[in-house]
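Read the structure below first, then the notes.
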């Protein structure tokens with residue numbers, strides 16, 4: 001194992017010793033290396049001590065290093081520091097750092113190889129999971145720590161690209177039929193948008209409507225559903241196009257008229273040409289989804305990814321761990337949005353325990369951390385899906401809840417927040433749509449109450 005776990009302790013000592021003798025070398029070291037790239041555990045600890053001392057504005061010398069080691073309870077003696085300091089001498093410092101980095105990557109490759117050998121001998125392990133884990137591990141080795149470093153020139157060029165996009169008819173982001181989103185520039189590349197709603201209020205239907213609209217406009221989309229198959233999702237789009245109830249499509253095709261069957265075939269012909277993709281095997285965890293996004297981006301040039309939904313991703317059961325896992329999942333989705341230059345939407349479920357109240361940030365589990373991780377947050381609220389006689393609050397208190405829903409912008413990175421928009425809803429077709437005008441409640445006591453099927457409690 002030692003022969004395969006390649007390392008160079010003298011090289012590690014020389015780099016650390018040079019930094020101790022002259023702290024100016026620290027910045028070169030920090031651009032290339034992390035503490036984990038050192039093979040020797042004491043060297044890892046010493047790197048972290050040097051980093052902490054310099055980052056708080058002090059000199060990292062033998063005395064301050066010894067004090068830091070004592071404070072941290074490390075088993076590093078003054079003799080250890082002195083011996084390492086003596087190794088610091090004139091050298092090609094950059095080359096020494098690169099050697100440590102290269103040896104670290106070789107050790108990681110060896111470990112990946114061992115894991116692949118073990119997986120190959122274990123028939124209980126899922127091969128797709130092994131493949132995705134291996135691809136993620138290899139991807140992490142190719143990531144360049146310096147790739148995040150940019151200049152003011154890079155920023156200006158990025159701004160010019162934003163302005164150039166705005167001069168185009170389609171604008172900078174992916175537009176939707178919902179003006180409250182499109183008027184804020186749409187779904188921008190590198191952004192993570194959270195759509196939150198209580199169970200049964202239709203967050204999946206709304207996300208699918210947005211996905212289809214984007215695909216129709218020529219923006220390739222990938223949709224990850226952890227609850228519904230691709231057939232179930234597209235059946236809802238058939239219902240939207242044909243104006244036939246989903247339940248009828250699922251159970252009553254034989255008794256339909258020739259006209260209805262033709263409408264269905266026409267809808268299927270349109271749907272099959274849409275640039276929308278699915279990867280049902282990647283829904284095991286967020287890492288698999290992230291890797292799938294990267295793969296599909298290379299193959300199909302996707303501009304929008306939708307993950308439905310955040311809370312159902314595999315996680316630890318305790319409350320603390322659950323909140324941490326949800327926040328970490330959100331951060332991973334944000335990172336892939338940035339790295340792949342795409343817009344990402346993820347959905348979040350709000351508990352029904354909130355009675356008939358409108359949702360807000362406090363109703364999201366792990367709310368604080370998740371809210372910080374996302375760029376945009378939209379609350380979907382449909383009073384008819386609540387028990388009792390729920391209605392809208394505030395400025396929309398006089399809006400008729402029958403066949404309507406409310407979108408509230410709780411956060412928007414590059415736009416105003418707090419705005420609400422009333423949109424239409426067809427329950428049987430699971431369709432949300434922009435209204436030409438806002439329907440108001442009639443206070444005529446003699447009027448006969450009207451009913452429709454728009455109050456359906458959706459299973460998603």
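All of the numbers you see were taken from the coordinates with simple rules; none came from a lab. Keep in mind that this is a model prediction, so the values were computed, not measured. Glycine also receives a Cβ, built like all others from the backbone with ideal geometry; neighbour counts cover every protein chain displayed.
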Task: Stretch gain in nm, segment residue 398-residue 21, where the contour uses 0.36 nm per residue and the Cα spacing is subtracted - done: 128.4 nm
Task: Length added when fully stretched, residue 91-residue 417, from 0.36 nm per residue minus Cα-Cα - done: 111.8 nm
- [ ] Quote the FRET efficiency, to the nearest 0.05, computed for residue 270 versus residue 369 with a Förster distance R0 of 41 Å and r equal to the Cβ-Cβ distance.
- [x] 0.50
TODO: Give me the number: length gained by fully extending residue 441 to residue 44, i.e. 0.36 nm times residue separation minus the C-alpha to C-alpha distance, one decimal in nm.
DONE: 136.2 nm
Open item on the list: Compute the distance from the alpha-carbon center of the range 1-52 to that of the range 180-246, in whole Å.
Closed with: 49 Å
TODO: Find the Cα radius of gyration of the range 167-433, compare it with 2.2 N^0.38 Å by division, and give the number to two decimals.
DONE: 0.99
Open item on the list: I want to verify the translational diffusion coefficient of the range 9-142 in µm²/s; compute it with Stokes-Einstein, Rh as the Kirkwood radius over Cα pairs, at 25 °C and 0.890 mPa s.
Closed with: 150 µm²/s
Task: Label-point gap, in nm, between residue 72 and residue 116 - each point 7 angstrom along Cα→Cβ - done: 3.4 nm
- [ ] Run the quick spin-label model on residue 357 and residue 216: label points 7 Å from Cα toward the beta carbon, then report their separation in nm to one decimal.
- [x] 3.7 nm
